[in-house]
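The values are calculated or read from the model by the stated rules, or taken from the named source; none is laboratory data. Model, not experiment: these values are computed from the prediction. FYI the Cβ positions are ideal-geometry reconstructions off the backbone, even for glycines, and counts take in every protein chain you see. Surface areas here come from the heavy atoms of the whole protein model, side chains and all, with no ligands, DNA or RNA. Shrake-Rupley method; radii C 1.70, N 1.55, O 1.52, S 1.80 Å.
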Amino acid sequence: KNSGSSYVEKKKALGLVSICGLGIMFARATLFSLLVSAWGDTAVIDSALQSDDQCDAADAECSFNALQLRGFKEEMELEEGNEESEGWLKDISTKTKNHFKHILAPLQKPIVTNYQYLTVLDTYVNYTMRKIENATGRIVVWNRKSLLQEAEEETEESTEEDEEEVQNTWSRRRHVGKSEELPPRARYINKILIYLNKEMDAVWNLNTIVDRKRWGVGNTITSSPYGPHGEHPKRWRANVTVPFPTHAPVSPVLNVNNSLTMHMKAEDRKYDNKYAMQLQADYQSLIDNINDASKKCNDLRARLFKMDWYANKFIKLPSGVWNKIDAQS
(Lines give C-alpha, C1' and ligand atoms only; values in the text may rest on other atoms or scores of the structure.)
Protein backbone atom coordinates (compact mmCIF):
# COMPACT_ATOMS: atom_id res chain seq x y z
CA LYS A 1 0.00 0.00 0.00
CA ASN A 2 2.80 2.38 0.86
CA SER A 3 4.49 1.64 -2.43
CA GLY A 4 1.19 2.34 -4.23
CA SER A 5 0.72 5.71 -2.53
CA SER A 6 4.31 6.71 -3.28
CA TYR A 7 3.69 5.86 -6.91
CA VAL A 8 0.65 8.19 -7.00
CA GLU A 9 2.62 10.98 -5.35
CA LYS A 10 5.39 10.64 -7.92
CA LYS A 11 2.83 10.92 -10.76
CA LYS A 12 1.42 14.12 -9.20
CA ALA A 13 4.90 15.55 -8.85
CA LEU A 14 5.65 14.82 -12.51
CA GLY A 15 2.35 16.47 -13.48
CA LEU A 16 3.29 19.62 -11.58
CA VAL A 17 6.67 19.67 -13.33
CA SER A 18 4.96 19.36 -16.74
CA ILE A 19 2.56 22.20 -15.88
CA CYS A 20 5.48 24.38 -14.81
CA GLY A 21 7.26 23.55 -18.09
CA LEU A 22 4.19 24.55 -20.08
CA GLY A 23 3.96 27.74 -18.07
CA ILE A 24 7.56 28.60 -18.91
CA MET A 25 6.94 27.88 -22.58
CA PHE A 26 3.80 30.04 -22.52
CA ALA A 27 5.72 32.89 -20.91
CA ARG A 28 8.44 32.71 -23.53
CA ALA A 29 5.85 32.54 -26.33
CA THR A 30 4.21 35.65 -24.86
CA LEU A 31 7.57 37.41 -24.85
CA PHE A 32 8.07 36.42 -28.49
CA SER A 33 4.63 37.79 -29.47
CA LEU A 34 5.45 41.08 -27.75
CA LEU A 35 8.66 41.27 -29.72
CA VAL A 36 6.75 40.57 -32.94
CA SER A 37 4.28 43.36 -32.12
CA ALA A 38 7.23 45.78 -31.98
CA TRP A 39 7.30 45.79 -35.81
CA GLY A 40 10.29 47.57 -37.22
CA ASP A 41 11.99 47.94 -33.81
CA THR A 42 15.10 45.97 -34.65
CA ALA A 43 16.78 47.17 -31.45
CA VAL A 44 14.26 45.19 -29.38
CA ILE A 45 14.79 42.08 -31.46
CA ASP A 46 18.58 42.43 -31.37
CA SER A 47 18.41 42.74 -27.59
CA ALA A 48 16.30 39.61 -27.35
CA LEU A 49 18.62 37.73 -29.65
CA GLN A 50 21.62 38.77 -27.58
CA SER A 51 20.02 37.43 -24.42
CA ASP A 52 19.02 34.23 -26.22
CA ASP A 53 22.62 33.75 -27.31
CA GLN A 54 23.32 33.16 -23.62
CA CYS A 55 20.95 30.16 -23.48
CA ASP A 56 22.26 27.02 -21.85
CA ALA A 57 23.18 24.29 -24.26
CA ALA A 58 20.70 21.98 -22.50
CA ASP A 59 17.81 24.48 -22.74
CA ALA A 60 16.16 23.40 -26.01
CA GLU A 61 13.18 25.75 -25.57
CA CYS A 62 15.42 28.81 -25.23
CA SER A 63 17.39 27.84 -28.33
CA PHE A 64 14.16 27.30 -30.27
CA ASN A 65 12.90 30.80 -29.37
CA ALA A 66 16.23 32.25 -30.50
CA LEU A 67 15.88 30.57 -33.90
CA GLN A 68 12.34 31.99 -34.24
CA LEU A 69 13.55 35.51 -33.45
CA ARG A 70 16.42 35.28 -35.93
CA GLY A 71 14.04 34.10 -38.67
CA PHE A 72 11.67 36.97 -37.88
CA LYS A 73 14.49 39.53 -38.10
CA GLU A 74 15.64 38.15 -41.45
CA GLU A 75 12.06 38.39 -42.76
CA MET A 76 11.80 42.02 -41.63
CA GLU A 77 15.08 42.91 -43.40
CA LEU A 78 13.85 41.20 -46.58
CA GLU A 79 10.59 43.18 -46.54
CA GLU A 80 12.46 46.45 -45.96
CA GLY A 81 14.61 45.65 -48.98
CA ASN A 82 11.50 44.99 -51.07
CA GLU A 83 10.05 48.36 -50.06
CA GLU A 84 13.22 50.08 -51.20
CA SER A 85 13.22 48.21 -54.53
CA GLU A 86 9.58 49.18 -55.07
CA GLY A 87 10.28 52.89 -54.70
CA TRP A 88 8.23 53.59 -57.84
CA LEU A 89 5.10 52.91 -55.79
CA LYS A 90 5.76 55.92 -53.58
CA ASP A 91 4.42 59.38 -54.45
CA ILE A 92 6.79 62.27 -55.06
CA SER A 93 7.51 64.48 -52.06
CA THR A 94 5.83 67.83 -51.49
CA LYS A 95 9.19 69.51 -52.04
CA THR A 96 9.57 67.82 -55.43
CA LYS A 97 6.03 68.75 -56.38
CA ASN A 98 6.63 72.42 -55.55
CA HIS A 99 9.89 72.35 -57.51
CA PHE A 100 8.12 71.05 -60.63
CA LYS A 101 5.43 73.71 -60.24
CA HIS A 102 8.16 76.35 -60.04
CA ILE A 103 9.95 75.25 -63.24
CA LEU A 104 6.80 74.51 -65.28
CA ALA A 105 4.96 77.78 -64.59
CA PRO A 106 7.21 79.97 -66.82
CA LEU A 107 6.92 77.60 -69.82
CA GLN A 108 3.52 78.83 -70.94
CA LYS A 109 4.99 82.18 -72.01
CA PRO A 110 7.40 80.80 -74.66
CA ILE A 111 4.63 78.49 -75.92
CA VAL A 112 2.30 81.45 -76.41
CA THR A 113 5.14 83.40 -78.02
CA ASN A 114 5.64 80.62 -80.57
CA TYR A 115 1.92 80.72 -81.36
CA GLN A 116 2.03 84.50 -81.80
CA TYR A 117 4.97 84.17 -84.20
CA LEU A 118 2.94 81.76 -86.33
CA THR A 119 -0.11 84.03 -86.25
CA VAL A 120 1.98 86.77 -87.88
CA LEU A 121 3.38 84.29 -90.43
CA ASP A 122 -0.17 83.17 -91.21
CA THR A 123 -1.08 86.78 -91.99
CA TYR A 124 1.95 87.02 -94.27
CA VAL A 125 1.19 83.84 -96.24
CA ASN A 126 -2.44 85.00 -96.65
CA TYR A 127 -1.07 88.21 -98.17
CA THR A 128 0.97 86.16 -100.70
CA MET A 129 -2.05 83.97 -101.47
CA ARG A 130 -4.26 86.97 -102.23
CA LYS A 131 -1.69 88.28 -104.68
CA ILE A 132 -1.67 84.97 -106.57
CA GLU A 133 -5.46 84.68 -106.50
CA ASN A 134 -5.78 88.22 -107.87
CA ALA A 135 -3.38 87.43 -110.72
CA THR A 136 -4.82 84.03 -111.68
CA GLY A 137 -8.48 84.63 -110.92
CA ARG A 138 -8.55 81.30 -109.09
CA ILE A 139 -8.65 80.37 -105.43
CA VAL A 140 -5.42 78.84 -104.17
CA VAL A 141 -6.18 75.30 -103.00
CA TRP A 142 -4.00 74.47 -100.06
CA ASN A 143 -6.00 72.00 -97.97
CA ARG A 144 -7.19 69.55 -100.61
CA LYS A 145 -6.44 65.88 -100.03
CA SER A 146 -5.52 63.51 -102.81
CA LEU A 147 -7.36 60.23 -103.34
CA LEU A 148 -4.28 58.39 -102.09
CA GLN A 149 -4.28 60.43 -98.88
CA GLU A 150 -8.00 59.79 -98.35
CA ALA A 151 -7.48 56.03 -98.85
CA GLU A 152 -4.57 56.08 -96.40
CA GLU A 153 -6.66 57.98 -93.82
CA GLU A 154 -9.52 55.48 -94.17
CA THR A 155 -7.05 52.65 -93.55
CA GLU A 156 -5.61 54.52 -90.55
CA GLU A 157 -9.10 55.08 -89.12
CA SER A 158 -9.97 51.38 -89.36
CA THR A 159 -6.60 50.50 -87.81
CA GLU A 160 -7.17 52.99 -84.99
CA GLU A 161 -10.60 51.47 -84.30
CA ASP A 162 -9.04 48.01 -84.05
CA GLU A 163 -6.29 49.34 -81.79
CA GLU A 164 -8.86 51.12 -79.64
CA GLU A 165 -10.80 47.89 -79.22
CA VAL A 166 -7.62 46.05 -78.22
CA GLN A 167 -6.69 48.94 -75.91
CA ASN A 168 -10.10 48.84 -74.21
CA THR A 169 -9.80 45.09 -73.72
CA TRP A 170 -6.31 45.52 -72.32
CA SER A 171 -7.48 48.34 -70.05
CA ARG A 172 -10.24 46.20 -68.62
CA ARG A 173 -7.74 43.47 -67.91
CA ARG A 174 -5.29 45.92 -66.43
CA HIS A 175 -7.78 47.28 -63.90
CA VAL A 176 -8.40 43.80 -62.57
CA GLY A 177 -5.12 44.01 -60.67
CA LYS A 178 -3.58 46.99 -58.89
CA SER A 179 -4.55 50.44 -60.16
CA GLU A 180 -1.73 52.04 -62.14
CA GLU A 181 -3.03 55.57 -61.71
CA LEU A 182 -0.52 58.13 -60.55
CA PRO A 183 -0.52 59.07 -56.87
CA PRO A 184 -1.92 62.53 -56.01
CA ARG A 185 1.16 64.76 -56.14
CA ALA A 186 2.62 63.11 -59.24
CA ARG A 187 -0.81 63.25 -60.91
CA TYR A 188 -1.06 66.99 -60.20
CA ILE A 189 2.27 67.72 -61.95
CA ASN A 190 1.38 65.36 -64.78
CA LYS A 191 -1.83 67.32 -65.44
CA ILE A 192 0.20 70.53 -65.81
CA LEU A 193 2.48 68.79 -68.31
CA ILE A 194 -0.52 67.47 -70.25
CA TYR A 195 -2.00 70.97 -70.45
CA LEU A 196 1.27 72.50 -71.69
CA ASN A 197 1.71 69.75 -74.27
CA LYS A 198 -1.82 70.39 -75.56
CA GLU A 199 -0.85 74.02 -76.08
CA MET A 200 2.21 72.83 -78.00
CA ASP A 201 -0.09 70.71 -80.17
CA ALA A 202 -1.92 73.91 -81.11
CA VAL A 203 1.42 75.50 -82.03
CA TRP A 204 2.38 72.62 -84.32
CA ASN A 205 -1.10 72.57 -85.86
CA LEU A 206 -0.85 76.24 -86.82
CA ASN A 207 2.66 75.65 -88.16
CA THR A 208 1.25 72.92 -90.42
CA ILE A 209 -1.55 75.19 -91.67
CA VAL A 210 0.83 78.01 -92.58
CA ASP A 211 3.20 75.61 -94.35
CA ARG A 212 0.32 74.04 -96.31
CA LYS A 213 -0.75 77.47 -97.53
CA ARG A 214 2.82 78.08 -98.68
CA TRP A 215 2.74 74.80 -100.60
CA GLY A 216 -0.62 75.76 -102.10
CA VAL A 217 0.88 78.98 -103.46
CA GLY A 218 3.87 77.09 -104.84
CA ASN A 219 1.67 74.48 -106.54
CA THR A 220 -0.38 77.20 -108.22
CA ILE A 221 2.77 78.88 -109.57
CA THR A 222 4.39 75.62 -110.75
CA SER A 223 1.20 74.35 -112.42
CA SER A 224 0.78 77.58 -114.43
CA PRO A 225 3.69 77.51 -116.93
CA TYR A 226 1.96 79.92 -119.32
CA GLY A 227 1.77 82.72 -116.80
CA PRO A 228 -0.93 83.83 -114.34
CA HIS A 229 -3.78 83.50 -116.89
CA GLY A 230 -2.60 80.18 -118.28
CA GLU A 231 -3.73 81.19 -121.81
CA HIS A 232 -3.97 84.23 -124.04
CA PRO A 233 -5.14 87.23 -122.02
CA LYS A 234 -7.99 87.99 -124.49
CA ARG A 235 -9.55 84.57 -123.91
CA TRP A 236 -8.95 84.51 -120.17
CA ARG A 237 -11.88 84.84 -117.77
CA ALA A 238 -11.44 85.04 -114.05
CA ASN A 239 -13.33 82.49 -111.92
CA VAL A 240 -13.19 84.72 -108.86
CA THR A 241 -12.46 88.34 -108.18
CA VAL A 242 -9.86 88.93 -105.48
CA PRO A 243 -8.71 92.47 -104.74
CA PHE A 244 -4.98 92.94 -104.88
CA PRO A 245 -3.54 93.53 -101.40
CA THR A 246 -2.08 97.00 -101.25
CA HIS A 247 -0.18 96.73 -97.97
CA ALA A 248 2.10 93.96 -96.81
CA PRO A 249 1.83 93.05 -93.13
CA VAL A 250 4.38 94.74 -90.89
CA SER A 251 5.69 93.16 -87.69
CA PRO A 252 8.99 92.71 -85.85
CA VAL A 253 8.44 88.98 -86.42
CA LEU A 254 8.93 89.60 -90.16
CA ASN A 255 12.26 91.31 -89.61
CA VAL A 256 14.95 88.84 -90.67
CA ASN A 257 17.36 90.45 -88.23
CA ASN A 258 15.19 89.21 -85.38
CA SER A 259 15.79 85.52 -84.76
CA LEU A 260 12.76 83.53 -83.67
CA THR A 261 14.82 80.62 -82.37
CA MET A 262 14.73 79.99 -78.63
CA HIS A 263 17.55 78.42 -76.64
CA MET A 264 15.89 77.28 -73.44
CA LYS A 265 17.71 74.87 -71.17
CA ALA A 266 16.04 72.39 -68.89
CA GLU A 267 17.07 72.29 -65.25
CA ASP A 268 18.73 68.93 -64.74
CA ARG A 269 17.99 67.14 -61.49
CA LYS A 270 18.46 63.54 -60.45
CA TYR A 271 15.76 61.63 -58.62
CA ASP A 272 15.44 58.19 -57.07
CA ASN A 273 11.65 58.16 -57.18
CA LYS A 274 10.40 56.57 -60.41
CA TYR A 275 7.53 59.04 -60.82
CA ALA A 276 9.86 62.01 -60.34
CA MET A 277 12.28 60.55 -62.89
CA GLN A 278 9.49 60.22 -65.47
CA LEU A 279 8.20 63.74 -64.78
CA GLN A 280 11.73 65.10 -65.17
CA ALA A 281 12.05 63.33 -68.54
CA ASP A 282 8.68 64.76 -69.68
CA TYR A 283 9.76 68.23 -68.57
CA GLN A 284 13.01 68.00 -70.56
CA SER A 285 11.07 66.72 -73.58
CA LEU A 286 8.73 69.72 -73.35
CA ILE A 287 11.69 72.12 -73.31
CA ASP A 288 13.11 70.43 -76.42
CA ASN A 289 9.71 70.65 -78.09
CA ILE A 290 9.46 74.41 -77.45
CA ASN A 291 12.97 75.01 -78.81
CA ASP A 292 12.29 72.85 -81.86
CA ALA A 293 9.01 74.68 -82.59
CA SER A 294 10.77 78.06 -82.49
CA LYS A 295 13.50 76.81 -84.84
CA LYS A 296 10.90 75.46 -87.28
CA CYS A 297 9.10 78.79 -87.07
CA ASN A 298 12.29 80.66 -87.93
CA ASP A 299 12.90 78.34 -90.91
CA LEU A 300 9.29 78.69 -92.06
CA ARG A 301 9.62 82.47 -92.14
CA ALA A 302 12.57 82.18 -94.54
CA ARG A 303 10.59 79.84 -96.81
CA LEU A 304 7.63 82.22 -96.83
CA PHE A 305 9.87 85.10 -97.92
CA LYS A 306 11.21 82.93 -100.74
CA MET A 307 7.70 81.96 -101.84
CA ASP A 308 6.60 85.60 -101.86
CA TRP A 309 9.57 86.36 -104.12
CA TYR A 310 8.41 83.59 -106.50
CA ALA A 311 4.88 85.05 -106.39
CA ASN A 312 6.04 88.53 -107.39
CA LYS A 313 8.10 87.05 -110.23
CA PHE A 314 5.15 84.96 -111.40
CA ILE A 315 2.72 87.89 -111.42
CA LYS A 316 4.98 89.91 -113.76
CA LEU A 317 5.29 87.13 -116.35
CA PRO A 318 3.44 87.57 -119.67
CA SER A 319 0.53 85.18 -120.17
CA GLY A 320 0.51 82.77 -123.09
CA VAL A 321 4.30 82.38 -123.02
CA TRP A 322 6.03 79.33 -121.58
CA ASN A 323 7.85 80.44 -118.44
CA LYS A 324 7.54 77.62 -115.95
CA ILE A 325 8.71 78.43 -112.41
CA ASP A 326 9.51 75.56 -110.09
CA ALA A 327 8.44 77.23 -106.86
CA GLN A 328 8.85 74.05 -104.83
CA SER A 329 12.58 73.71 -105.42
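Once segment 81-117 is narrowed to residues that are part of a helix (DSSP H, G or I) and modelled with pLDDT under 90, the residue that is farthest from the chain's Cα centre (by Cα) is Gly81.
Determine if segment 185-205 includes at least one residue that is charged (D, E, K, R), modelled with pLDDT under 50, open to solvent by less than 90 Å² (accessible area, probe 1.4 Å) and not in a loop (DSSP other than H, G, I, E, B). No, every residue in segment 185-205 fails to be charged (D, E, K, R), modelled with pLDDT under 50, open to solvent by less than 90 Å² (accessible area, probe 1.4 Å) and not in a loop (DSSP other than H, G, I, E, B).
If you go through segment 89-143 and pick out every residue that is among the basic types (Lys, Arg) and more than 30 Å from Gly230 (Cα to Cα), you end up with 5. State yes or no: is Gly227 touching a Pro at 6+ places or on another chain (Cβ under 9 Å) and surrounded by 13 or more Cβ atoms within 10 Å (Cβ to Cβ)? Criteria met by Gly227.
Quick one: would you say Met277 is in a loop (DSSP other than H, G, I, E, B) and of a type in the set (A, V, I, L, M)?
Working: in a loop (DSSP other than H, G, I, E, B): no; of a type in the set (A, V, I, L, M): yes.
Taking the combined requirement at face value, the residue does not satisfy it.
Against the list (1) modelled with pLDDT of 95 or more; (2) over 28 Å from Leu118 (Cβ atoms); (3) among the polar types (S, T, N, Q); (4) open to solvent by 50 Å² or more (accessible area, probe 1.4 Å), the condition Thr241 fails is (1).
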